[in-house]
Structure formats: structure tokens, C-alpha cells
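See structure below.
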Amino acid sequence: MEYVNSLIDLVGNTPLLKLSTVTEGLRPLVLAKVEYLNPGGSVKDRIAVKMIEAAEREGKLKPGGTIVEPTSGNTGVGLAIVAQSKGYRCVFVCPDKVSEDKRNVLAAYGAEVVVCPTAVEPDHPDSYYSVSDRLVREIEGAWKPDQYSNPNNPASHYESTGPELWRQTEGRITHFVAGIGTGGTISGTGRYLKEVSGGRVQVIGADPAGSVYSGGSGRPYLVEGVGEDFWPANYDQEVCDRVIEVSDAESFQLTRRLAREEALLVGGSSGMAAAAALRLAAEVDDPDAVIVVLLPDSGRGYLTKVFSDEWLTRYGFAPRPETGRVVGDVL
Ligand code: PMP
């Protein structure tokens, strides 16, 4: 019989898919690492497993303990899955701007979700940062993973994503492209690929225009999960050879094209990373180049945003109708 004992055993070892339509006219091979095929639907399952197992080993998380993290998205789902299979309680704290759908996903896995007002300063006692810190102090046996500074976030990618890509491409990968949020994915995967290739693999960050990684001030942008207005400890500034800035319009346009032309229903940060990868492919123009772009999550969580023509229009990205129906391109 062929089966696994735990959902945790299904984390990682995601496939590489050749992008064939959106790459028309480009010479390098462009491969997508499809992270929505993780059991929790995103790349964040990887860090959840590693952060929890390390906390157990270090005695920070004991049987019956509670995981408390300010998160509303993919990291919460990853933590909830691992926590459930190991018998921990989860309390997630999120601002009230987070959609009810997202909160319900966490609750469906059995997590408790504490909702805080968005319209308060970070140091206000009701802010979601303050509330999560207070809960950690008040709940006995509580542990906060803190994905922005926990070294096991990049370590999980150093140990899994990096070696997978090296093996899957038989060492032929020449460029690795990923978005930067906490910095864990690019720092861990990038460091491994640099080391194993003797510095040959180029590591390229993709960043929303306005975010600090591409020289911005933290000015708002709409693509979710990537870009920051501060420099997290988990972003290793030595690993990235270059950061490519991508506008919201370009990110959303490519997100819609990936769904329509490659049947890849992925989130906006995937469209952003893919946009950077395509720009890079045009520049590199070498038939021996193998560019790998990591697509972090599924588009299912964004049906009322990137995939809604009404939403795009509201934010000034007019969808282009073709042959009487909306084809899905923006601008
Ligand atoms: N895309 C999405 C949808 C994410 O949730 C995240 C994590 N914040 C990222 C990309 C960026 O990954 P990392 O935190 O490893 O830099």
C-alpha cells in the first residue's frame, strides 16, 4: 500500500513546471516551482514544520503548548496543520481588515482567531502586535514562532527548497527568482544554491514597487505577501544579486495570464515573481539558461481580488474585454 502517516510528510517536494505560453519568444527555459501543491496550499508549510520541530527540540514548545502568531494567511494555515497533527493549540491574531474567508479557513482547521482593530497604531494596546505579545505572556506554555526573525524560516528553505531545485534541475539551474516577504524563501534557497554551485547560480528578488527591498519607502501596493516597510532579520542582504521591481499592474496582469494561459491559478505574488522572471529571461537571452521562479500560493484565496474584474476596476486596473467576454488581461 502506498500512503503516508501524516500530512506533514506531504510538505515539500513540489514539482517544477515548464512555462510554455507566457514565455513565447524567450530563449531560456523558465520553470515554475509550484508551491500551492503543498498540503496547506502554500510555501509556508515548509517553514511551519521546521519552526515547530525546532521549538520542540529547543524546549520552547512542550506537549499541550499553544502557538500564538500574528498572521492571517499562509503561515497561519501551515502552523495550524502542523499544530493539529502534533496536538498543539493555535491562537492567531489578525487585524479586522482581513477577510472573513481567511479567518474562517484558520478556524476550520481548529485554530482560535482573535480579531483586532486595524485603525490603531502598532504600539496601541489593541493593535494586533500588542495583543499577540500580551497573549504570549498570559497563556501558559505559549510560544510565538515569529517568522520574520526565526532562523528556522530560512533554514527550512536551505534544507528543502534549495536541494530540491538542485536535484530537479540536475544542477543546471542558472537563475533563481522569488518574491521577498520575510526574506526566508530567497535567503535560504538562494544561499544553498550559491553554495552548491560555487557561486554560479544568480539569485534575483522580485519586489513590489514601493517596498524597501527595491529602494522604496514602504509606500503602499496591492500585491499581498511580499514587500516590506522594514528590513526583517530573515532577509540576508548578501544572497540577492539583484532585485527587480514590479508594478501592481504588471503583477496582476501576469497573475491573470498564468491562470488563463498556463492553467496555473496562483496568487498575485506569484504573478509578480513570474513577471520578474520573464523580464530576466528576455535579458539573459541564452538557450542554456535555466531560470526557476517560485510561485508561493494558490489563486483560490484571491478570487474576490486579483481575479475579480470589479475589484481590478475599482483600483484603476481596467480589465480588457475581448470577443465579448472578459479575457483577464489588465490595462
Ligand atoms: N508570497 C506570499 C503569498 C506570501 O504569503 C509570502 C510570505 N509572506 C511570500 C510570497 C514571501 O515569502 P518569504 O516570506 O519567504 O519572503
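The values are calculated or read from the model by the stated rules, or taken from the named source; none is laboratory data. Computed from a predicted model, the values in this text were never measured in an experiment. All Cβ positions, glycine included, derive from the backbone under ideal geometry; neighbour counts span all protein chains shown.
In the range 163-182, the residues that are in contact (Cβ under 8 Å) with a residue 40 or more places away in the chain and more than 15 Å from the ligand (Cβ to nearest atom) form Cβ pairs under 9 Å with partners that are of a type in the set (S, T, N, Q) and in a strand (DSSP E or B), at six or more places apart or across chains, as follows: Thr174/Gln202; His175/Gln202.
From the list Ala54, Ala48, exactly one residue is surrounded by fewer than 24 Cβ atoms within 10 Å (Cβ to Cβ), aliphatic (A, V, I, L, M) and farther than 18 Å from Ile139 by Cα. Which is it?
Numbers: Ala48 fails: surrounded by fewer than 24 Cβ atoms within 10 Å (Cβ to Cβ).
Among Ala54, Ala48, only Ala54 is surrounded by fewer than 24 Cβ atoms within 10 Å (Cβ to Cβ), aliphatic (A, V, I, L, M) and farther than 18 Å from Ile139 by Cα.
Residue count for the range 252-268 under the criterion of being in contact with a Leu (Cβ under 8 Å, 6 or more places away or on another chain) and not in a loop (DSSP other than H, G, I, E, B): the result is 8. For the range 65-100, the set of residues classified as hydroxyl-bearing (Ser, Thr, Tyr) and more than 17 Å from the chain's Cα centre (by Cα) consists of Thr66, Ser85, Tyr88, Ser99, listed by residue number.
Taking Val43 as the residue in question, decide whether it is closer than 24 Å to Gly179 by Cβ and either modelled with pLDDT under 95 or within 14 Å of the ligand (Cβ to nearest atom) (or both). Explain how you work it out, then say what you get.
Working: closer than 24 Å to Gly179 by Cβ: yes; either modelled with pLDDT under 95 or within 14 Å of the ligand (Cβ to nearest atom) (or both): yes.
Answer is yes for this residue.
Looking at the range 230-243, which of its residues are touching a Gly at 6+ places or on another chain (Cβ under 8 Å) and either surrounded by 20 or more Cβ atoms within 10 Å (Cβ to Cβ) or part of a loop (DSSP other than H, G, I, E, B) (or both)? It would help to see each step written out before you state the result.
Restricting attention to the range 230-243, the residues satisfying the condition of being touching a Gly at 6+ places or on another chain (Cβ under 8 Å) are 230, 232, 234-236, 239-240, 242-243.
Correct list: Phe230, Pro232, Asn234, Tyr235, Asp236, Val239, Cys240.
The C-beta contact set for the range 280-300 (first residue within 12 Å of the ligand (Cβ to nearest atom), second residue among the acidic types (Asp, Glu), distance under 8 angstrom, 6+ apart or interchain) comprises Leu294/Glu35; Leu295/Glu35; Pro296/Glu35; Asp297/Glu35.
Only one of Val98, Val113, Val91 is over 25 Å from Asp9 (Cα atoms) and more than 16 Å from the ligand (Cβ to nearest atom); which?
Val113
Against the conditions (1) more than 9 Å from the ligand (Cβ to nearest atom); (2) touching a residue at least 40 places away in the same chain (Cβ under 8 Å); (3) crowded, with 24+ Cβ neighbours inside 10 Å; (4) farther than 19 Å from Leu16 by Cα, where does Gly190 fall short? Just the number, please. With (1) more than 9 Å from the ligand (Cβ to nearest atom); (2) touching a residue at least 40 places away in the same chain (Cβ under 8 Å); (3) crowded, with 24+ Cβ neighbours inside 10 Å; (4) farther than 19 Å from Leu16 by Cα applied to Gly190, the lone miss is (4). Only residues that are under 21 Å from Asp207 (Cβ atoms) and either at pLDDT below 90 or part of a loop (DSSP other than H, G, I, E, B) (or both) were counted in the range 296-321, giving 6. If you filter the range 134-162 down to residues that are closer than 18 Å to Gly59 by Cα and β-branched (Val, Ile, Thr), you find that the one that is farthest from the ligand (Cβ to nearest atom) is Ile139.
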